[in-house]
Every structure is written in C-alpha cells, then in structure tokens.
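Trainee: Supplied in structure tokens, the structure appears directly below.
What follows draws every value from the coordinates through simple rules; no lab data is involved. This is a predicted model, so every value here is computed, not measured. We place every Cβ from the backbone using ideal geometry, glycine too, and count neighbours over all the protein chains shown.
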Amino acid sequence: MAEQGEGQEPLVDGVISASAAFEQGQSIAAARDMARDFLIALQRDHGLPVSERAMGMVELVVSELVTNARKYAAGPCLVQLEVCEGAVQITVWDSEPRLPTVQAPDPYRIGQHGLEIVMAVCRSFEIRREPVGKSIRATLVLADDPGGDVAGRQLM
C-alpha cells in the first residue's frame, strides 16, 4: 500500500488532487489502483465526467511512468494526480537525476516504448529536473471519448 497520508485532498481553488509514495517493493498495480480510485471518486464525489477512454489512458500512463521510475531509480517514487479545468495532470517524481531519452519510433525495437506511448496519448508532456531527481508530468483530458460515452454515467 501507499504511505500514510495518501488520499484525496479537498477541493481548493478548483483543484482536486491526490498523492502517494510507492516504495521499491510495492507493485505497479498499486499505483494504477490509486489512479482508478481517484477517477472513480471524481465522478462519485464531485460529479465530474470521466470517459472510459480517459480512465484507461490514465491507468496506462501511471503504469508506464511508475514502471520507468522502478526500473531506473533507486528508492521510492511519488505519484500526484491533480484535476483542473477538465483535465488530469499525472506527475511522477523519482530520485534519478538523469533525464529519460525518448527514442525515435522503431517497430522492430523490443521494449523501451513507454515514453512513446505516454507522449502519444497525452495532451501535454513535460520532463523537469528537480533539486533531487526529476519529475515527469503528463496531462490527459477527462471526458475525451471518441464514442461520447462517459464512464459511470447512464445516458438516457
């Protein structure tokens, strides 16, 4: 499980957020579960629309970014989800100071496609060097569903 103090923070200035620290021994699935629970709470507690596509894409992005943190950095990683103006920002911090390199697409390369995937599905993507380590932030629109269906909502 995530560390003490995890969870959803109250609505402040139109921003809803949640964060948790994940230790090296914890599964990546725990980070995905945290993201899914956060999005479900957005719908249930705040009435925000979250499409099925956005639900899946947020879980995918969290999984890819936490996988990279596990693979390349020692120690814990921090995951923060923040919603503002119909989009969710996913930020993953880790202690590794080296910035990741996004490789050119190559259909014959096996592995190392995670950042390519993240960049392809996100509205914006940013890598920042931090005083300790780095953070990667990806932004996805919550109600971005080509079929128009919204997860958890009954359409009449």
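Trainee: Give me the compactness ratio for the range 13-151, meaning the Cα radius of gyration over 2.2 N^0.38 Å.
Mentor: 1.03
Trainee: What FRET efficiency comes out for His113 versus Ala30 if R0 is 25 angstrom and r is the Cβ-Cβ distance? Round to the nearest 0.05.
Mentor: 0.65
Trainee: When the expected Rg is taken as 2.2 N^0.38 Å, what fraction or multiple of it is the alpha-carbon Rg of the range 92-140?
Mentor: That works out to 1.23 for the range 92-140.
Trainee: Also, I was wondering about something else. So what is the relative contact order of the range 13-151, in percent, for Cα pairs below 8 Å that sit 6 or more residues apart?
Mentor: Averaging sequence separation for qualifying contacts and normalising by length gives 30 percent for the range 13-151.
Trainee: For Arg128, Arg36, what's the fewest-to-most ordering of other Cβ within 10 Å of each Cβ?
Mentor: Ordered by Cβ neighbours within 10 Å, fewest first: Arg128, Arg36.
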